[in-house]
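For reference, the structure discussed in these notes is given below.
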Amino acid sequence: MPRSRFVGMEQRSDRFHVAVDVTEHLVTVRPVGEIDIATVGSLRAALWAAPARPVLRVDLSGVRLLSATGVRALAAAHLRVRARGGVLVLVDPDPVVARVLRVTGLHRVVRVEFGPGPVPAGCTVPTLDLLPTGAVPVRELCPA
């Protein structure tokens, strides 16, 4: 399986940067830092530059703050990926970010997965979910 790794944007700062992993069936975008009006352009550029794959995963484990502009960028990415026949999955959000996803209702539209560890209130432990690329084990999932 061919694999490449590159930094989505060369704009690195103390507050924010984005890394992107590309495999045959999956693109993983890893933003780190705060997603707000000043940094959302870098996130949006990385999401839009991601090559078309069946699954676009956004690993939110390194995000400390998600503002309304970040939520809007994720919702727009969801629509874009879905229009191409793919799935957007948000992975391992920090508890504060998970709360933003719940309060805004984005967790009802975009799939949210949690790794091992404490699960935010209102989330459950499912069995197995099927994505376009085949069976993918899901450890924790917020209700859709």
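Computed from the coordinates by the stated procedures, all read-outs in this text should not be read as laboratory data. Because the structure is a prediction, the values reported are computed rather than measured. In this analysis, Cβ positions are derived from the backbone assuming ideal geometry, glycine residues included, and neighbour counts consider all displayed protein chains.
Restriction of the trypsin sites (Lys or Arg not before Pro) in region 39-95 to DSSP coil positions whose beta-carbon has at most 16 other beta-carbons within 10 angstrom yields R84. Taking amide H as placed 1.01 Å from N in the peptide plane, R64 has its amide H under 5 Å from the amide H of G33, E34, I35, each at least 5 places away in sequence or on another chain. Taken one residue at a time, the phi angles of region 26-37 give Karplus couplings (6.51, -1.76, 1.60, θ = phi - 60°) of 8, 10, 10, 9, 10, x, 9, x, 10, 9, 9, 4 Hz. Gly and Pro are set to x. Under a 5 Å amide H cut-off, with hydrogens placed 1.01 Å from N, R57 pairs with V27, T28, V29, V89 among residues at least 5 apart or on other chains.
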